[in-house]
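Working notes, beginning with the structure itself.
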Amino acid sequence: MYKAAASEFSFQVKTNEAYNDWSSTYDHDRNLTRDLDQAITQNILANLRCKAVLEIGCGTGKSTALLAKIGEQVYAFDFSEAMIEKAKTKVQSSNVSFVVADLKRGWPCRERAVDLISCNLVLEHIKDLAPVFSEANRVLVTGGRFYISELHPFRQYQGTKANFERNQQRTEIEAFVHHFSDFTGAATAAGFSLGSVNEWWHEEDRNKPPRLVSFMLQKQKQT
């Protein structure tokens, strides 16, 4: 659930703690951002065929099943053990390996091991984007794709951040505002070219700013 409004019953908690708590209801809560992200990821990636896919921030596995269809091997990372446990019950494909990993540190993945990375609704929780893009470049083969779907900066400017409600109490999850130039600058510095960028609205977003932004990046050949 993503809302801009605050209330006297809201409070902010650290990301890992919050997602462990949210995991029990994440798939069932009304969440237009989650639903839109899943739909556009299906639209953009469904026709790809990959040898190895890395999903960073797999959560409860909302996109993992799709990636298991387009990739011969899928590595699904998340720093929330509770989220991964939920994902394991939903996605039991033999070609998927779930790994608890902190994306702000070195990723447990070999160099040039994957040809697609999918990153969904993750980067708002990471203050410094540079290490993420650097690791993405390290683990991708030359010409590999880095797909990103994130909360649109316009929504962030309005104060929108990931949150969930329980017993009339709203928990807001720690988030950091990233501008378009933060994404494109980090991508260029890490050796990526920008293939496409798109803005997305949910059908209930009439006359509102875009809800999500997506990027398709490609790892350039090193000279």
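The values are calculated or read from the model by the stated rules, or taken from the named source; none is laboratory data. Just so we're clear, the structure is a prediction, and the values are computed from it rather than from any experiment. Cβ coordinates were reconstructed from backbone atoms using ideal geometry, including for glycine residues, and neighbour counts include every protein chain displayed. Surface areas here come from the heavy atoms of the whole protein model, side chains and all, with no ligands, DNA or RNA. Shrake-Rupley method; radii C 1.70, N 1.55, O 1.52, S 1.80 Å.
Descriptive notes on the structure:
- Taking the listed residues Glu135, Glu204, Glu150, Glu199, the one that is part of a loop (DSSP other than H, G, I, E, B), at negative phi, modelled with pLDDT of 95 or more and not basic (Lys, Arg) is Glu204, with no other qualifying.
Table: residues versus (1) touching a helix residue (DSSP H, G or I) at 6+ places or on another chain (Cβ under 8 Å); (2) of a type in the set (Gly, Ala, Ser); (3) part of a helix (DSSP H, G or I); (4) surrounded by 15 or more Cβ atoms within 10 Å (Cβ to Cβ).
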| residue | (1), (2), (3), (4) |
| --- | --- |
| Thr60 | yes, no, no, yes |
| Leu66 | yes, no, yes, yes |
| Glu72 | no, no, no, no |
| Tyr75 | no, no, no, yes |
| Ala82 | yes, yes, yes, yes |
| Lys86 | no, no, yes, yes |
| Thr89 | no, no, yes, no |
| Ser94 | no, yes, no, no |
| Phe98 | yes, no, no, yes |
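- Residue in region 162-180 that is at pLDDT below 95, out of contact with any Cys (no Cβ under 8 Å at 6 or more places or on another chain) and small (Gly, Ala, Ser) present: yes
- Residue in region 207-223 that is farthest from Phe154 (Cα to Cα), counting only those that are open to solvent by 50 Å² or more (accessible area, probe 1.4 Å) and either modelled with pLDDT under 95 or of a type in the set (D, E, K, R) (or both): Thr223
- A count restricted to region 35-56 and to residues that are over 24 Å from Glu203 (Cβ atoms), open to solvent by 20 Å² or more (accessible area, probe 1.4 Å) and of a type outside the set (Lys, Arg) stands at 1.
- For region 109-120, the criterion of being under 18 Å from Lys14 (Cα atoms) and open to solvent by 20 Å² or more (accessible area, probe 1.4 Å) is met by none of the residues.
- For region 178-200, the set of residues classified as free of Cβ contacts under 8 Å to residues at least 40 places away in the same chain and among the hydrophobic types (A, V, I, L, M, F, W, C) consists of Phe180, Leu194, Val197, listed by residue number.
- Members of region 81-99 found to be touching a strand residue (DSSP E or B) at 6+ places or on another chain (Cβ under 8 Å) and either at pLDDT below 95 or not β-branched (Val, Ile, Thr) (or both), listed by number: Glu81, Ala87, Lys88, Ser93, Asn95, Ser97, Phe98
- Qualifying residues in region 153-180 (those that are in a helix (DSSP H, G or I) and open to solvent by 50 Å² or more (accessible area, probe 1.4 Å)) - the one nearest to Ile56 (Cα to Cα): Phe180
- Region 116-132, residues that are among the hydrophobic types (A, V, I, L, M, F, W, C) and either free of Cβ contacts under 8 Å to residues at least 24 places away in the same chain or not in a helix (DSSP H, G or I) (or both): Leu116, Ile117, Cys119, Leu121, Val122, Ile126, Leu129
- Residue tally, condition exposed (fewer than 14 other Cβ atoms within 10 Å of the Cβ) and over 16 Å from the mean Cα position of the chain (by Cα), over region 181-203: 7
- Within region 138-147, the only residue that satisfies the criterion of being within 15 Å of the chain's Cα centre (by Cα) and either part of a loop (DSSP other than H, G, I, E, B) or not aromatic (Phe, Trp, Tyr) (or both) is Arg145.
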